Amino acid sequence: MNNALHNWDRIVIHADMDSFYAAVEQLDDPGLQGHPILVGSNSGRGVVLTASYEARPFGVGSGMPMAQAQRLCPDALIVPPRFKRYQELSTIIMTVFSDFSPIVEPLSLDEAFLEMTGSEGLFGEPKNMGRQLKEAVKTATQGLTVSVGVSGSKYVAKVASGFAKPDGLTVVPPTAARRWLAPLPVSKLWGAGEKTQTRFAAMGLKTIGDVANSNPSLLVKQLGNAGSHFYSLSCAKDARKVKSQHTAKSIGSEHTLDRDTRHPREIKNYLRRSADAVARRLRNKGLIAAGVRVKLKTSEFQLLTRQEHFDEPTDVADILYKKASVLLSAFQHSGPFRLVGVTAFDLRTVKGPLQLSLLKRDGRERRLESTLDKIAERFGEDVVHRAGDPKTTLGADLVANLDFLDNTEGM
Amino acid sequence: MKLSASRETILKPLRAVIGVVERRQTMPILGHVLLAVQENQLSVTATDLEVELLAQTEVETESQGAITVPGRKLYDICRALPEGAKIDLSVSGDKLTLKAGRSRFTLSTLRAVDFPTVEEIATQQTLTTKQQTFQKLLEKTHFSMAQQDVRYYLNGLLLETEDTTLRAVATDGHRLALSELKLKSAAEKNEQVIVPRKGVLELQRLLNDEGDVDLTIGAGHIRVHLNGIRFTSKLIDGRFPEYNKVVPNDIKSVITANRGLLRQALQRASILSNEKYRGVRLDLGENNLNIKANNPEQEEAEETLEVEYDGPSMEIGFNVNYLLDALSAVDEDQVQLGLSDANSSCLIKGPTTKNAKFVVMPMRL
């Protein structure tokens, strides 16, 4: 056995694709390779979803309004997103991950933790695991690169994967982790937002090493429970397990409308469509939702939400929709709106604890929707849709109709 | 409209109605209160279209009239004025001016005719009972009302008349509370009405005194006059579930326990139950009840209690809050929990109590 293995009582990998959406576009269209590109809606009202590495030196980043990004990087090409394609590649990437470990915790389409403890016999020392993983992803996707961090905890692995982006591989043995973290700024502490960073600054703590060398009881006094959390992290202590059955915090579906509307009937069509999509994903994942949120974005980009809990968690689109319609009437803004979305939150697993019901539920809607699930599985999602829904399948992928990812409790 | 009164005189009716003035109303006028002056009476009305409250008080008036003003602002101003201050209210143009000592406020108004009020309700019958008894009836049942169920008829309290009995039933689909009282005289009509949740909670705030209360039931409303306040609530138009089918009548085994001790044990165990599901596990053996709770942090609580029980050994899970709510509503020192199996409902009541019972569905843990 290799000597270097002795100190690794745990091995965790964090793998993070490099500017995923942009890289996919460059992969599929070689003409885009080497050019700064911005993935996002070109309508002038969209935001940058991902900027390619060629665009990043100009100060462009995810979430920035497209207009601003264009000013910063006038040469950049704007590419509309193709979520189906990203999903497709994500599935390929996650399959590769699962070839390396039975315990994979996806954080988003293009990012995951892998529990690698005990797999030295298969893949060799930690550095080799990282190399092979990068190679396998590149081969399976025919060219996409991933940055990999390997360490003894989720936290350090995550920081390590971001250390040498793009196409990086950073290995931090657990015994060296504390020393390795020390020179990094406190902003790299998981959970340290702007407010916390200001507090650290006020305490004269600039680097993670400063935090590790500070008095933990003083930290708790200043920051409450978070103080001991940051102290543990600064000492490279993070006992969180890699959870393969990650539980989503919420599942949502939203539609940017072809043209803005203030007409409740039209909005309700979109609510219905989103509710159908959300409920189907809930059922596929064996989850039920205890709350539903309606999201509207006005023409002026004002984001409005209304949410409510169910007395009884559900995975039935009809119930999600009914509640969403009630919520719609609670918005004071009369529009027009450019985006409509429905999110199910406070999710539980169907297999988890379940409060039994005193009154018999009418199960017809649930049965109908399960049947539709099966039809969609065999013939595709666009085969059956509700009467009254003007949905056309033509060009559906051109508008940013984003059945967005499950938001997990990431870091 | 012009009037003068002490700060306290104006505050009293305002305080009584302010609860139904919603902070986030969809119609601006629902954020207003209606002030109406007739002879020496000031009437203050607030509504959220479901519940309406009208309170009256004697004031000195110079001229009559009616106007609406932002309710919460008027209330906050009056509250912030020094005790004993004399307040003058007068309307000129589309503004209401409030003067008190060296303070002066000008409030926006909306027309009184646009304020939605319920004047007459089509009375069907009037029921009379003691205020305190009626308050108890609500206390023992209100906690089982649904909060915001899509089955809208569950978001309220069923009031049912059956000869001299007035029965209240509430259920959120997981548990049910039922309580009865005797009316002073038989109801003219046996009927069921559903009072919305908000109405029940407001009504509970109003009830407190000795003496009787008259409940006037109309076709779409219920109205109660209490201590100078007129309470009107819409009724929920829907059919309440057949509660009789839900109250178990095939109880196989009964636990008899000291109510206080059981409550305390459950309260302690609940501290370490899962915050989301609130599940506790009851483990039943001969004359022995074991309560267990744990949470995702792997913390555990275990309580052992001596009880009277000679049924089969059984393990059954419950939402601890449901059990605690029901136990709090039982009057006696001892309590009975009737069970059949781990998937059937549990009937909770005082051993000698006939007029109140609680049903709780178990939880699959």
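Of all the criteria given as (1) within 14 Å of chain A (Cβ to nearest Cβ); (2) touching a residue at least 40 places away in the same chain (Cβ under 8 Å); (3) open to solvent by less than 70 Å² (accessible area, probe 1.4 Å); (4) farther than 23 Å from B:ASP149 by Cα, the one not satisfied by B:ARG281 is (3). Counting the residues of the range B:312-365 that are hydroxyl-bearing (Ser, Thr, Tyr), away from chain A (no Cβ under 11 Å) and either open to solvent by less than 10 Å² (accessible area, probe 1.4 Å) or more than 26 Å from the chain's Cα centre (by Cα) (or both) gives 3.
Looking across the range B:95-116, the residues that are part of a loop (DSSP other than H, G, I, E, B) and surrounded by 14 or more Cβ atoms within 10 Å (Cβ to Cβ) come down to B:THR109, B:PHE115. Residues in the range B:46-72 that are closer than 10 Å to B:VAL21 by Cβ and charged (D, E, K, R) were compared, and the one that is surrounded by the most Cβ atoms within 10 Å (Cβ to Cβ) is B:ASP48.
Looking only at residues of the range A:214-254 that are within 21 Å of B:GLU297 (Cα to Cα) and polar (S, T, N, Q), we find that the one that is nearest to the chain's Cα centre (by Cα) is A:THR247.
I need the full set of residues from the range A:304-339 which are under 27 Å from B:ASP48 (Cβ atoms) and assigned to a strand (DSSP E or B), in order please.
Residues satisfying the conditions are A:LEU304, A:THR305, A:ARG306, A:GLN307, A:GLU308, A:HIS309, A:PHE310, A:ASP311, A:GLU312, A:PHE337.
I'd like to check something: does the range B:239-248 contain any residue that is part of a helix (DSSP H, G or I) and more than 12 Å from every other protein chain (Cβ to nearest Cβ)? Yes. The residues in the range B:73-94 that are assigned to a loop (DSSP other than H, G, I, E, B) and surrounded by 14 or more Cβ atoms within 10 Å (Cβ to Cβ) can be counted, and the count is 2. Here is a check on your reading of the model: is B:LEU158 within 14 Å of chain A (Cβ to nearest Cβ) and either modelled with pLDDT of 95 or more or open to solvent by 40 Å² or more (accessible area, probe 1.4 Å) (or both)? Answer is yes for this residue. The residue that is most open to solvent (accessible area, probe 1.4 Å), counting only those in the range A:206-241 that are over 27 Å from A:VAL171 (Cβ atoms) and of a type in the set (A, V, I, L, M, F, W, C), is A:LEU218. What about A:VAL156, is it modelled with pLDDT of 95 or more and touching a Lys or Arg at 6+ places or on another chain (Cβ under 8 Å)? Answer is no for this residue.
Pairs meeting the criteria (first residue in the range A:62-90 and assigned to a loop (DSSP other than H, G, I, E, B), second residue of a type outside the set (Ser, Thr, Tyr) and open to solvent by 70 Å² or more (accessible area, probe 1.4 Å), beta carbons under 7 Å, at least 6 apart or on different chains) are A:CYS73/A:PHE58; A:ALA76/A:GLN70; A:PRO80/A:ASN42; A:PRO80/A:LEU398. With the condition kept exactly as written, say whether any residue in the range A:254-269 is open to solvent by less than 60 Å² (accessible area, probe 1.4 Å), more than 14 Å from every other protein chain (Cβ to nearest Cβ) and of a type in the set (A, V, I, L, M, F, W, C). Yes, the range A:254-269 contains at least one residue that is open to solvent by less than 60 Å² (accessible area, probe 1.4 Å), more than 14 Å from every other protein chain (Cβ to nearest Cβ) and of a type in the set (A, V, I, L, M, F, W, C).
The values are calculated or read from the model by the stated rules, or taken from the named source; none is laboratory data. Just so it is clear, the structure is predicted and the values come from calculations on it, not from any experiment. Cβ: placed from backbone, ideal geometry, glycine included. Neighbour counts: every protein chain shown. Note: areas computed on protein heavy atoms with side chains; ligands, DNA, RNA excluded. Shrake-Rupley method; radii C 1.70, N 1.55, O 1.52, S 1.80 Å.
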